[in-house]
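Q: One structure is given below, represented as structure tokens, and several questions about it will come after.
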């Protein structure tokens with residue numbers, strides 16, 4: 001049996017965070033950061049930490065990759081949206097919640113009253129992770145392993 005190390009803490013301050021905010025084209029508050037933890041581009045695997053500001057969203061999106069998540073801090077909200085823009089399910093995930101699912105789901109995500117920190121592990125052999133959408137489901141941007149690696153390298157230089 002392994003002893004727990006009570007002095008161990010993963011220091012998120014040492015990570016390179018890519019910051020995202022909304023603009024006038026979005027009618028919801030967008031404020032979140034992404035840190036690339038690791039990747040295997042040749043097999044389509046990407047591990048990210050994403051942190052949300054309190055009650056702020058990331059962009060409306062569709063997951064392409066199989067995605068596994070673990071809420072590390074705060075309360076994380078996932079709101080499934082139908083093609084007419086209606087909320088069909090609102091899942092509130094407290095710290096410790098583990099979820100896994102195939103790609104294809106379309107939703108909004110936001111931090112709770114104190115924000116949230118979530119670990120994501122994504123896998124898609126093509127390297128496509130998710131698509132940022134507008135209200136009519138048109139693709140505004142496609143996020144790939146390559147795009148995250150490039151942004152991470154830009155921050156490092």
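The values are calculated or read from the model by the stated rules, or taken from the named source; none is laboratory data. In this text the structure is predicted, and so the values were computed from the model without any measurement. Note: ideal-geometry Cβ built from the backbone for every residue, glycine included; neighbour counts use all protein chains shown.
Q: Can you find even one residue in region 68-86 that is modelled with pLDDT of 90 or more, surrounded by fewer than 13 Cβ atoms within 10 Å (Cβ to Cβ) and farther than 19 Å from residue 32 by Cα? Quick ask: steps written out before the conclusion?
A: Step one: list which residues in region 68-86 are modelled with pLDDT of 90 or more, which gives 68-79.
Still in the list and also surrounded by fewer than 13 Cβ atoms within 10 Å (Cβ to Cβ): none.
Checked region 68-86: no residue is modelled with pLDDT of 90 or more, surrounded by fewer than 13 Cβ atoms within 10 Å (Cβ to Cβ) and farther than 19 Å from residue 32 by Cα.
Q: Taking the residues in region 32-64 that are out of contact with any helix residue (DSSP H, G or I) (no Cβ under 9 Å at 6 or more places or on another chain), in contact (Cβ under 8 Å) with a residue 60 or more places away in the chain and surrounded by 19 or more Cβ atoms within 10 Å (Cβ to Cβ) as candidates, determine which candidate is farthest from residue 143 (Cα to Cα).
A: Filtering first and then ranking leaves 52.
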